[in-house]
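Handing you a structure now.
The values are calculated or read from the model by the stated rules, or taken from the named source; none is laboratory data. Fair warning: this is a prediction, and the values are worked out from it, not measured in the lab. In this analysis, Cβ positions are derived from the backbone assuming ideal geometry, glycine residues included, and neighbour counts consider all displayed protein chains. For accessibility, only protein heavy atoms count, side chains too; no ligands or nucleic acids. Shrake-Rupley method; radii C 1.70, N 1.55, O 1.52, S 1.80 Å.
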Amino acid sequence: MSSIVHTEHRDVIHDCSYDYYGQRMATCSSDQTIKIWEQNEKGQGQWIVSASWKAHSGSIWRLSWAHPEFGSVIASASFDRTASVWEETAEQKPTPSSTPAKRWIRRTNLVDSRTSVTDVKFSPKNLGLVLATSSSDGIIRIYEAPDICNLSQWTLQHEILCKLPLSSLSWNPSLFRAHAPMIAAASDVATSNEPKVFVFEYSELNRRWTKTESINVTEPVHSIEFAPNVGRSYHILAVASKDVSIFNLKPIVEQTGTSRFEVSQAAQFNDNFCTVWKVTWNVTGTMLATSSDDGYVRIWRMNYQKLFKCICSYKPDSSSVSHPLDSQTAAIINSTTTKFFKKGVGTFVASNQIQQH
Amino acid sequence: MISYFKNSKDKFALATGSEVSLFQLKERDNVEDFRIYDDPKPQTINQIKFISQHNSTLTYLNSEKRYQYIKCIATSFHENELLVATGQVSGKVMIVDFEPKNEINLEFTPRQNRPSLSLAWNEQEQNLLAMGFDKNKFDHSISVWDISRGQPSESSIVNLIGLSESAHSLCWDSRKNLIAGMSSKYIKFMDLRANQVQTVNTRAVCGLTISSNNRLLASYYDNVVNIFDLRKFTEPLNQFQLANNLAQISWCSSSQNCLLCLQKDNSLTINIIDIHGNGTEEDNDSTHFVKRVIAPFEIVDRKNKHQLQTKATALENICWHPKISSNRMICSASNSNNSILLMEFDVPQRRIAVFDKWNKVYAPTHNEIRDIPVSSPPSSPTNSTNSWYPNANYIDGDISELFQQRILQDYGQMDFERNAKVSMDSTLASVWKMLGQMSAQDCFIGLRTILGIDSKSNELTIAQSAVETRSFQDFPSGATIRIYKSEEREFAKELCGWMNFDKNDMSGNLQMYIEELCKKKRFTRAAMLAVFHLKIRLACDILGRGANEMEEEKSSLRMSAIALAGYNTGSVWKLQCSSAQIEDAYLRAIFSFLSDDTYAGVLYEDGVSISDRMAFACTFLSDRQLSEYVKHMIQNCIERGDLSGLLVTGATIDGIQLLQAFVDRTDDVQTAALIGQKILPADLQTDNRLQSWIAILRNLMNTWEMFEKRAAFDISIASARTSQKIPKSVFLLCSFCGKSVSAAAIQEDARVRNQMQTSKLSSCPNCRKPLPRCSLCLLHMGTSLPSNFYNPTNIKSRNIKSWFTWCQSCRHGGHLVHISEWFKKNTECPVTNCNCNCFLIDLSLLKEKKENDTDGH
C-alpha cells in the first residue's frame, strides 16, 4: 500500500516543497506552522519531522527552497502580509561527541506588502540569490541578497504592478543564457473577464521588468508553474484554474530586441470537472500532477506526439488507483519505492562526502 | 429533506411530500469505490437508488405518512428515541417516534393557521423544541415547547416570542440561547432565562446554522451568505455572494470549518466554504475563506458511466453525518424518472500533489502524507487477470526514468558503439552507429560540406562531376542509366556506409556486405543495394534466396524476384511497377528506381535510411538535383528533429539546429548534450544551446545525486578541450623586487641555451639580487645541479629535484633533493641553531604522500 505519514498539521496544508535533492520536504499549513521532513532511511524510509515551528501569525501559503549552494534556506509566504527567509543553523555542540542541534532561524521578514503575500519563489540559481513574492495587492516584488553569506539583508530591487490580486507566481527555470529572466504570475479574482495570467521579462538594457504577454485564461487561477526546461526552445506553462491548461511559449526572434512570444495552448483538461488547486511538474517537465477539489490526484504525461494523457488518477481517501484505459479499479499489490532508489545506491556514499565539503 | 439522528450513528429520516421515512445505513468491511443499490422503498416513492462510496447498505425501516405537505423536519438529540418533529403547511407540528417500543405521538397546532417555517431541538435540554412560523398579526411566531411535559398547554409551552413577526429560521447555541432570523430584517439573539435580547440588523435571516464549536454562525438571503463570529456578533465576519439563490446552508458537524451551500439552481454542484486559521487564534485577522465546488453525482457518473442509468438531474438536500470525522454527508437528488437518488459521500480533503525528484508523487493533506503507489509487477507472472498491470506503473516510460538508467550505464562516456547499446532506443542506436562511422573516418563535417553545398545561396557551389552512362552489368536489358562521379561524391558515399562498393569490383566487398545482410535476413535491403549497384541479377538471386529462407514472406519475396527478373524498358512493365502497392519500403524503392526516371520514389521514401538515400543521391543525381536534394533533406530533418540527418548536416550550425529540433520533439536533452559535446568542433562547443543542454544535464545529475557520474561527465568535457594548455598557477617571486623569478628564468634559459651554457641563475634576473641558498649544498637556488652530483634518491623528475622547497614555519629550505635526503635521517631543520621540527610538522602529509608514492610504483 502507499505509505501514509501523519502530518499532524491542524489545518489544511497549502504547499509542500522538496529541496534540491529531494531528501527533505517542507510543508506549510493554515495552522501557521512550517514542518521540515526527512526520510529516516535514504529513499525508502518513513518521513520524520525534523523541525516544526510556528512561523507566521497567519496561514502560510507557499514555501520555496533555495539552491543548496546558498545553504539550507527556505522562504515562506503568509496571509500575515509578510514573507520570511529561514535558515537552518547548527548550534554550538554541548559536548564534542553529540551531534549539533539544528534550528531554523528567521533571517529576514519582508514586510513591504500591505496585504497577504500569496507566493514566494527563489529564482533560478544563475540569477544569484533572488526572491520574488506576489501579493494580493497585485504587486510582484523582487528582492536580492547582495551578499549571499548574509541572508538578513535583502534589497527590494523591483516592484512590478499587475493591478489584479495575485495568487501565484513562477520563475522560468531555464538555464539557457539567451533567455532573459522571466516570471509568470496569475490572479484568482473571480469577477472580470480579463486575462488572469501574465508573463514578465527582465530587460537587461532598460534594467526593468516589462509585461510581455497576457495569457487569456479568464477563470480564477490558483496555481501556475513553468515546466523545468530540458533544453527545449520553448517554455511550457501549466495553469490550474477551473481546469488545467498548458501553454507553450515560443520566443519570436525580433530585430528590435523586444521579445515577444508565440503563445499556443498545448492542452486543456476538463476531466477534473472542479477547481484545480495545484499543478506540479516532474523534474524533466514531462509529467504533470494536478490536485483538484474532488480529492483526486491525476498524473498526466506528454506522449511522443506532445499530447497529454492522463496516466493515473488517484483518490487517496479510497486507497485505490484507477487507470483510464482500464476503468476497473484494482487493489494495489505492494507498491514499492525501492525500484528507483536502488539505482542510486552506488552513488550515495559519494554523495554524502561531497555534500560535506 | 434528509436529517440524520444526531445521536445515532447510522439512522436518518427522509421527508418526501407527505411521508417521513426512516432508513439505516450500514457500512461493510471491504471498501470498493462506488456501489449502487436498488432497495426496498417506502410506498409513496417511485424508486430509490442509493450510491455509496463506502460499500454501505441502505435499509428501509419504517415510515409515517399521516401528514399534509411537510415544510420542515427536525431530528432530535435523544439517545434512545428516534424523534422526528415535522412542520407542515398548516402550521401543525407533529412529533413521531420511530422507536417501536415508544409510543410518543404529540401534536402542536398554532392558534392561527399558517405555514411552519423552522424547527430546532435543543442539544442540552433535549426535550426543548423551538418552532418558528410565518407571520400572523395575532400570534407569536416562535414557540418553545418542552415535550417532556406532554401535549401543548400552558405549562409545556415555555416561551412565546415575536408577536406578528415571522421566524424564518431558528437555532440554539450551546448555552441555551435561541437565535432566530426574523421578519427578513434582523437576527435576534435571545437568552431565554435572563430574558435578554440582542438584535443585529441584517437581511440574512434564513438557514441559521451554528458551527460545531459554537463560534461561528451562518445565515443567508437570496444568494448571499453571511458568516458571523458569535463573540463579535454585530458585524458579519465575511460575506459571500454566490451565483444563484440559496436553498440550504449547513455547517459540517465533524470539522469546525466547513460550510456547505446548496443553491436553487437545479445543478449538481455544492459550494463549500472552508474557513481556515480560526482554530485557536484570538484575532480574526488570521481567518480566511476558501470557496470550493464539489459535485458528488458527477464524480460517480464519470466513474460508472455504464452502470448508472438513471442520471441525477438536480441536488435537493444534503445532511452531514453527525459523527464520522471524514466530512461525510448524505445527499439526495431527483432525476427525470421521478425517483430519488441518495448518495453517501465524503467531501474530499483538499490536498496538494507534488512530484519528488524520482517521479514519485506525494499528496499531503492536513493530517497525512501519502505517496501515490506505483504498482510493481505482480509477483507471479501467471496471474494474467491483472490486466491493469501494463499501465499501472505510471512512472514507466517517462524520459527522466530513461535518463537515470542511461546515466547509470555510463551513457555517453564510452565509444559510439556502446552508446548505441545503452541508448535503449533503436533509432538512437542507429544514430550512434552512424556517428561511429563518421568518427572512424574522423569526419564530422557532414555530407553537405563534403559535397560543397551552400545551403544559403542558390548558386551551384557543388564540384563539377563526371557523367558516365552505365548499363546493368549482369542483366542485359538494353537499359542504360546515368551515374555521376566525383571525388567528393565518392567520399560522401563512403561515409554513408557504401564505402567499398566500387562499381568495378564485381566480386569484392559488395557481395560480402550483401552476404552479411542476408545472414541477418534483411533480404530486401540487400536486394535494394544490389539493384542500386546495377546488379539486377544478383538482386533476383537474393530475393529468391529470401523466399526460400523466410517462411512467412515467401510469396511476396518470390513474386518480387519474378517481377524484378522481368525488368525491361517497356512501358507496360513500368506502368505496373509504378501502380503496384508494395508493403516493403526497400522493394518499393527498387521498383520505383527502375520505373521512374526522377527517382522521387527512392529519394522521398522514408522507409529507407537517410544514409542509403544520400548515397543513392550521390550516385544518380545531377549536380543541381543533388544540391537541391541535400537542402531539402536538411530542412526536412530539422523539421522532424530526425537525428540521422546529422550525417548530412554534420557538426555545424545546422547540426545544432537539428539537435535543438530533436530536443523539442523528444525532450531527450541527454542525447543532445552528449552528441553535441562529442562531435562539435571547438568553436561550436561554446554555442549557447549546447552549453545550456550540458548545464541541464549536469543539473539533473546533481539533483539525482549521481555525483560520480557527473564528475565523469565533467572530465570528458574537459578532456575534449585538452589541446589548450593549462596555464601555470604557481609562480616564484623574488623577495626583493617582487617580480616572477620563474618566468624570467624561462626566458633566460632560452637565451642561455643558445650559448650552450647550462647553468648559473644565482640572482634574480630582474634586480640582480642573489637568490637564497640551499641550506645544505650552499649553492644559490635556481642553480642547476651538476649532472654528476650525488643523487641517492630515486626522484625521477629532474626539474623538481633541483627546485626549492622550504619549511612553512621556519622558512629555511633548499633543493628538494637535498632536503628530502636530510629529512630521511633527521627531523630537525638543517640550519644550525634552528630548532624547528620541520619534519614533524608535516608528518601526516608526508605519510600520505609516501603511501601515494608506494601506490604509484
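Please compute, over every Cα-Cα pair in region B:416-720, the percentage with a separation greater than 27 angstrom.
Cα-Cα pairs of region B:416-720 separated by over 27 Å account for 47 percent.
Return the whole-Å distance between the Cα centroid of region B:413-452 and the Cα centroid of region B:90-132.
Here the two parts' Cα centres lie 88 Å apart.
Rounded to the nearest 100 Å², what's the accessible area chains A and B bury against each other, both chains counted, probe 1.4 Å?
8700
Along the Cα→Cβ direction, 7 angstrom out, place labels at residue B:683 and residue B:597. What is the inter-label distance in nm?
4.4
Accessible surface of residue B:698 in the full protein assembly, 1.4 angstrom probe, to the nearest 10 Å²?
Around 80 Å² of this residue is reachable by solvent.
Do any of B:71/B:185; A:309/B:264; B:92/B:188; B:49/B:264 go past 27 Å between their Cα atoms, and which?
Details: B:71/B:185 22 Å; A:309/B:264 36 Å; B:92/B:188 24 Å; B:49/B:264 22 Å.
Long pairs (Cα-Cα over 27 Å): A:309/B:264.
Let me ask you something else. List, by residue number, every residue in region A:18-42 with a reduction of 20 Å² or greater in accessible area between the chain on its own and the complete protein assembly, 1.4 Å probe.
Residues shielded by partner chains are A:18, A:20, A:21, A:22, A:25, A:30, A:32.
Follow-up. Given a 1.4 Å probe and the protein chains all in place, what does the accessible area of residue B:551 round to, in Å² to the nearest 10?
We get 120 Å² for residue B:551.
Would you mind giving the three semi-axes, in whole Å and largest first, of the ellipsoid equivalent to region B:585-627 according to its Cα gyration tensor?
Values: eigenvalues 51, 30, 10 Å².
For region B:585-627, the semi-axes come out at 16, 12, 7 Å.
Could you list log10 I(q)/I(0) for region A:13-301 at q = 0.06, 0.08, 0.14 Å⁻¹, which the Debye formula gives when each Cα is one point scatterer?
The Cα Debye sum returns log10 ratios of -0.19, -0.34, -1.05.
Here's a follow-up. Of all the accessible heavy-atom surface of region B:155-207, with the other protein chains kept in place and a 1.4 Å probe, what percent is carbon and sulfur? If you can, show how the numbers build up before the last one.
Numbers: 1040 of 2320 Å².
For region B:155-207, the apolar C and S fraction of the accessible surface comes to 45 percent.
If you don't mind, there's one more thing I want to ask. About its Cα centre, how strong a charge dipole does region A:13-301 have in debye, to the nearest 20, once Lys and Arg get +1 and Asp and Glu get -1 at the Cβ? Present the calculation step by step, with values, prior to reporting the outcome.
Values: 28 positive and 29 negative charges, 76 e Å.
Charge dipole, region A:13-301, about its Cα centre: 360 debye, nearest 20.
Continuing with the same structure: If you average 1/r over all unlike Cα pairs in region B:481-590 and invert the result, what Kirkwood radius do you get in angstrom?
Numbers: mean 1/r = 0.0676 Å⁻¹.
It works out to 14.8 Å.
Same structure again: Given R₀ = 51 Å, what would the calculated FRET efficiency be for residue A:149 paired with residue B:232, taking r from the Cβ atoms and rounding to 0.05? Each step should come with its number before you reach the end.
On the way: r = 47 Å, r/R0 = 0.93.
My answer for the efficiency is 0.60.
Same structure again: Using protein chains only and a probe of 1.4 angstrom, how many square angstrom of residue B:701 are accessible, to the nearest 10?
Near enough 10 Å² of accessible area.
Same structure again: Can you tell me the equivalent ellipsoid semi-axes for region B:109-239? Use √(5λ) from the Cα gyration tensor, largest first, whole Å. Each step should come with its number before you reach the end.
Numbers: eigenvalues 113, 59, 27 Å².
Values for region B:109-239, descending: 24, 17, 12 Å.
Based on C-alpha coordinates, I'd like the Rg and Dmax of region B:137-205, in Å.
Cα only, region B:137-205: 12.3, 36 Å (Rg, Dmax).
Where does each of B:175, B:588 land when they are ordered by accessible area, with a 1.4 Å probe and the largest first? Could the numbers behind the result be given before it?
Details: B:175 155, B:588 80 Å².
Ranked from most to least accessible, the order is B:175, B:588.
Also, I was wondering about something else. Select from A:174, A:133, A:152 the residue farthest towards the positive end of the dipole of region A:115-182; place +1 on Cβ of Lys and Arg, -1 on Cβ of Asp and Glu, and compute about the Cα centre.
A:174
Given a 1.4 Å probe and heavy atoms of the protein chains only, how would you sort B:596, B:415, A:19, largest accessible area at the top? Each step should come with its number before you reach the end.
Numbers: B:596 50, B:415 85, A:19 20 Å².
Result, largest first: B:415, B:596, A:19.
In bins 10 Å wide, starting from 0, what share of all Cα pairs of region B:44-100 does each bin hold, as a percent?
18, 39, 36, 6, 0
So if the hydrodynamic radius of region A:186-319 is defined as the Kirkwood radius over C-alpha pairs, what does Stokes-Einstein give as its diffusion coefficient at 37 °C and 0.692 mPa s, in µm² per second?
The Stokes-Einstein estimate is 207 µm²/s.
What is the calculated FRET efficiency for residue A:303 to residue B:418, with r their C-beta to C-beta distance and R₀ = 35 Å, to the nearest 0.05?
Numbers: r = 29 Å, r/R0 = 0.83.
That gives a FRET efficiency of 0.75.
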